[in-house]
Amino acid sequence: MSVQRINRISVEFKKEISDIIRNEIKDPRIAELTSIMSVEITRDFKYAKVFVSVYGDDKAKEETMEGLRSAAGFIRKEMGKRVKIRYNPEIIFELDTSIEYGMHISKIIDDINNK
């Protein structure tokens, strides 16, 4: 399996999963400001690791992740209908904290520059 093909499918998964979460899932636990940052699909197409960014406090993040994990089967089924590939990977949601980390580092740098 070529790396380019896996990357193309990952981008397609990102787009479709975002659409499913926004328009199909009605779980109140999932925060309004939930973004799919990236999708990593294993070379054997058994797993798709979906990195999610959630704007809100720790409770909102935890509830959103619970809601997404409980909807993973539904999302996988929908993905099977939308993206035509031989094997539909199991979806694993991971919280992506890179934006918060970047903001934290930026704040530290600003504090140092202001001193």
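The values are calculated or read from the model by the stated rules, or taken from the named source; none is laboratory data. Keep in mind the model is a prediction, meaning the values are calculated, not measured. Ideal geometry is used to build each Cβ from the backbone, glycine not excepted, and the neighbour counts take in all protein chains shown.
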task: Could you list all residues from region 22-34 that are under 13 Å from Met65 (Cα atoms) and loosely packed, with under 14 Cβ neighbours inside 10 Å?
output: Pro28, Glu32, Leu33
statement: How many residues of region 94-104 are out of contact with any Ser or Thr (no Cβ under 9 Å at 6 or more places or on another chain), in a helix (DSSP H, G or I), closer than 17 Å to Ser35 by Cβ and not hydrophobic (A, V, I, L, M, F, W, C)? The answer is 2
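For every residue, the table says whether it meets (1) part of a helix (DSSP H, G or I); (2) at pLDDT 95 or above; (3) out of contact with any helix residue (DSSP H, G or I) (no Cβ under 6 Å at 6 or more places or on another chain); (4) not small (Gly, Ala, Ser).
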site	(1), (2), (3), (4)
Ser53	no, no, no, no
Lys59	yes, no, yes, yes
Gly73	yes, no, yes, no
Arg76	yes, no, yes, yes
Lys84	no, no, yes, yes
Asn88	no, no, no, yes
Ile92	no, yes, yes, yes
Ser106	yes, no, yes, no
- prompt: So Glu12 fits all but one of (1) acidic (Asp, Glu); (2) surrounded by 13 or more Cβ atoms within 10 Å (Cβ to Cβ); (3) without any contact (Cβ under 8 Å) to a residue 24 or more places away in the chain; what number is the exception?
  reply: (3)
